[in-house]
1. How many percent of the alpha carbon pairs in region A:5-131 exceed a separation of 18 Å?
2. Per-residue HN-Hα couplings for region A:226-231, Karplus 6.51 cos²θ - 1.76 cosθ + 1.60 at θ = phi - 60°, whole Hz, x for Gly and Pro?
3. Relative to the longest principal axis of chain B, what angle (0 to 90°, nearest 10) does the C-alpha long axis of helix B:74-96 take?
4. Run the dipole for region A:5-131 about the Cα centre, Lys and Arg Cβ at +1, Asp and Glu Cβ at -1, nothing else charged, and hand back the magnitude in debye, nearest 20.
5. Express in whole angstrom the spacing between the alpha-carbon centres of region B:69-133 and region B:1-55.
6. Which FRET efficiency value, to the nearest 0.05, do you get for A:LEU71 and A:THR4 by plugging their Cβ-Cβ distance into 1/(1 + (r/R0)^6) with R0 = 35 Å?
7. So, R0 is 41 Å and r is the distance between the beta-carbons of A:LYS86 and B:ILE216; what FRET efficiency does that work out to, to 0.05?
8. Between B:GLU164 and B:LYS37, what is the FRET efficiency for a Förster distance of 30 Å, r being their Cβ-Cβ separation, to the nearest 0.05?
Number of protein chains: 2
Amino acid sequence: MSGTVHGVGLGPGSPDLMSVRADRLVRGARHVAYFRKAGRQGQARRIVEGMLRTDVVEFPMDYPVTTEIPLDDPRYAVSLAAFYHKSAGHLRGLAEAGEDVVVLCEGDPFFYGSFMHLHSRLTAHVPVQVVPAITGMSAAWTATGAPITWGDDVLTVAPATLPEDELSRRIAQTDALVVMKIGQNLAKLKRAIAAAGRMDAAWLVEYAAMPEQRVIPLAEAETAPYFSIAIIHGQGRRP
Amino acid sequence: MSGTVHGVGLGPGSPDLMSVRADRLVRGARHVAYFRKAGRQGQARRIVEGMLRTDVVEFPMDYPVTTEIPLDDPRYAVSLAAFYHKSAGHLRGLAEAGEDVVVLCEGDPFFYGSFMHLHSRLTAHVPVQVVPAITGMSAAWTATGAPITWGDDVLTVAPATLPEDELSRRIAQTDALVVMKIGQNLAKLKRAIAAAGRMDAAWLVEYAAMPEQRVIPLAEAETAPYFSIAIIHGQGRRP
């Protein structure tokens, strides 16, 4: 009897924004795995601090690279592919030995998540179950205190890693906007939003749903931590 | 001392996909309010069946119209505005009398939610807190068994209420797609997706995260229940 690999979304960061299903799976898990930057505890592991069984077996998966190599360098893909292959192999071995494994995932596992790279390597071999979760962007628009979409609003979710002209064009053409993956792309994003004529409506949310949460006008942002999301609210129909 | 109005997102439909925070607020609430179509139990109320206090006071808010009047008919806006004004007035009265109220919200309250129309009428007068939730679209892409966005994918969320040519243009220009509010717009949506050349990649998810959940190729759909979401997966970078 094979065990199951559970990709469990933990949500945006606050432990009580985890789903009841995720909470139950995390607390009951004998095996947990999670990604982290080498030398760090990692956000996923941090969220579940104090929730794990005393006899839990942890399997940290340390990214071989994060921002040291550009995303478009072939060495980046080669290095990551080998890492995901090896990590998936370990989880597959546990499942084939009859063990269930909970993979702790920041945010929602199928929305720009690292778990997806394990899922695609596991799903043909062992049972895989995914628990959706509150996205970081939901926590971000909630933090602004205003709805993101009304009526017939179109929402565009774009990564700040896109070329500046494409970013700007998409920002000009949407009603509501969420920008992920800001980090080193903040200056480019600010230029793209300004070129689209929408700087006055843009907000930067840092650490949404975490103790350090902060909401500022994007125009005032000089740096953006990894957990930053930019927001422009839709202004659609409202009776 | 004023009470607080809590807009509590319940998520896509399965009670254990509610957040731990929402679960706690729902179970502890003395006053709950929820929208419903007149004569129906309502999806929000259905999700919390069996969870409410025995001494709970329920305040159902029956929509005066749903699909009987077109959205662009001025009577629609007038009727809804009066309804939201009156409903918000009742909740404000409870809060001013010192009572906390939990407003049960399907999905995420700030993402195309009816609660937004109460929030905008209450927030200047009494404390309002919003609990984000798992969106119906997260449950929908999870139901398909495949990630929605990879790498630099752009995600467009569009309501099927848009004009057909605008829908088609936006579908042609995005990597990943989510379409909400399908219902009576299914035939138009299918034409728009076909015109964009993407019918082969499109899925219809009915009742995501509910017992009746069903995933079918959009091309095969002949009707779409209210709880339907169309999905096209992004195909972005994956090492």
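1. Of the Cα pairs, 51 percent sit more than 18 Å apart.
2. Here the 3J(HN,Hα) series is 3, 8, 10, 9, 9, 9 Hz.
3. Value to nearest ten degrees: 40.
4. Values: 14 positive and 14 negative charges, 28 e Å.
Computed about the Cα centre, the dipole is about 140 debye.
5. Between the Cα centre of region B:69-133 and that of region B:1-55, the gap is 14 Å.
6. 0.65
7. After rounding to 0.05, the efficiency reads 0.65.
8. So the FRET efficiency works out to roughly 0.65.
Only the coordinates and a few stated rules stand behind these numbers; no lab work does. Not measured: the values here are computed from a predicted model. Virtual Cβ from ideal backbone geometry, glycine too; neighbours counted across all protein chains shown.
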